[in-house]
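As structure tokens, the structure follows; a few thoughts come after it.
Just so you know, all these numbers are worked out from the coordinates, no wet-lab data involved. Computed from a prediction, not measured in an experiment: that's the story for all the values here. Here the Cβ positions follow ideal geometry from the backbone for every residue, glycine too, while neighbour counts run over all protein chains shown.
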Amino acid sequence: MKPQRKLMTLDEFTIQETRKFKQATGELSSILRDIGLACKMINKQVNKAGLVDILGKHGATNVQGEEQMKLDIYADTILIDVLKSSTDCAGVASEENDDFIAFDDPYSKNSKYVVLFDPLDGSSNIDVNASIGTIFAIYKRVSKLGEACVEADFMQSGKNLMASGYVIYGSSTMMVYATKLGVNGFTLEPSIGEWCLSHPNLKCPEDGKIYSINQGNSAKYDGGIKAFMDYCMDTNKEEGRPYSLRYIGSMVADLHRTLIKGGIFMYPADSKSPNGKLRLLYECNPMSFIVEMAGGFASDGMQRILTIEPNALHQRVPIFIGSKNMVKKVEAYIANA
Ligand code: AHG
Ligand code: MN
Ligand code: MN
């Protein structure tokens, strides 16, 4: 009897997607494969973090002045090494490196894509075994093929994204990525070491009943955000019950839940951080592209995240992201404050 093989691997899926574009050359699929390989290697260390000397602090700080964890550096190094030996990536920019890195071999100089990433998101959760993630953004370079990539290749608004995605190292390890064709989720099947299609054509519900924010910062929030939080906690609104508050402290984990169940994730500006905490180029843009390709919406409170023209590699922006109707509602509260 012919075995009924239901599994579709990431490679099979990306090749199938490539066939939808006559002029496609498979380079984007190859980068996704490379990122998938790097994240399988990161996953291996995350899964045994307590057993090897990879927990704890690296003993240095990154350009943002944040204490680097050993796993941050390990993940960053793996992604750079894998993408450097790829034949389809001209260079990378990462949360853990002050400046972008232009790969200087002839293959890389002839590659048409650049990749930005947050190698390990949610670092504060590493030592307490809560879900963490990797976030990536893939752009077509704007500079000339054959030469080293330049800063302008990385400083593109999110609406130019060719693809973006995340890996969540949680109860299972999943990769979710978006292109303009849609959003699909792949679960790592460790016994064969393959990312297998498990969540085809993901859609973000237009409404939700979960709000996600670091309520501990409330005293520093503007009036409009406080008023929206009161609305979420109000038992008298049309739904007649308060919403639930869920906050994991890893953007990837909070947004994966938001994508699947609906709701809103917020990291506003506050009196201490006038632009908020999360970085535009390798956190907010890639996650906004995914949520919007799934039918959700992402705003900085006034404008669509994906239309923001970047002015610095590690620029921070406030972010309100998730179910379209909830993000529109918080924008209205901010506008009427
Ligand atoms: P990173 O670990 O890459 O620095 O990102 C951490 C971010 C994000 O994952 C999360 O949503 C946010 O920090 C949590 O910040 P607070 O602890 O200030 O709430
Ligand atoms: Mn992060
Ligand atoms: Mn990080």
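Just a few scattered comments:
- Over 19 Å between alpha carbons, listed pairs K109/K140; K144/K180; K226/K261: K144/K180; K226/K261
- Considering only N125, G193, A294, the residue lying farthest towards the positive end of the dipole of the chain is A294, judged by Cα position with unit charges set on Cβ.
- The GNM of the chain, with springs linking C-alpha atoms under 10 angstrom apart, assigns the highest mean-square fluctuation among V150, V128, V167 to V128.
- Cα-based helix-to-principal-axis angle, 70-84 vs the chain, degrees rounded to 10: 50
- For the stretch 167-253, trypsin sites (Lys or Arg not before Pro) are listed when DSSP marks them as loop and at most 15 other Cβ atoms sit within 10 Å of their Cβ; the list is K180, K203, K237.
- Under Karplus coefficients 6.51, -1.76 and 1.60, residue-wise ³J(HN,Hα) of the stretch 246-260 in Hz, glycine/proline x: 10, 8, 8, x, 10, 4, 4, 5, 5, 7, 5, 4, 4, 5, 7
- Order of C196, C204, C284 under a 10 Å beta carbon neighbour criterion, fewest first: C196, C204, C284
- At most 15 other Cβ within 10 Å, DSSP loop - GluC sites (Glu not before Pro), the stretch 66-135: E66
- GNM remark for the chain: springs join alpha carbons under 10 Å apart, and the peak mean-square fluctuation among D118, D81, D34 falls on D81.
- Using a simple spin-label model with pseudo-atoms 7 Å out from Cα toward Cβ, N217 and K44 lie 3.6 nm apart.
- Magnitude of the charge dipole for the chain, about its Cα centre and with charges confined to Cβ atoms of Lys, Arg (+1) and Asp, Glu (-1), is about 1120 debye.
- Extreme residue, positive dipole direction of the chain, given options M8, A148, V317 (C-beta unit charges): M8
- Computed from label points 7 Å out along Cα-Cβ, the spacing between K180 and M233 is 4.4 nm.
- The chain, Cα convex hull volume normalised per residue, Å³: 152
- Principal-axis analysis of the Cα atoms of the chain puts helix 223-233 at an angle of about 90° to the longest axis.
- Projected label distance in nm at I15 and N275, using a 7 Å step from Cα toward the beta-carbon: 4.3
- Taking 0.36 nm per residue of separation and subtracting the current Cα-Cα distance, fully stretching the chain between N97 and K22 would add 23.3 nm.
- Estimated FRET transfer efficiency when R0 is 56 angstrom, pair Y107-A337 (beta carbons, to 0.05): 0.60
- Ranked packing of 83-89, 143-149, most packed first, by mean Cβ within 10 Å: 83-89, 143-149
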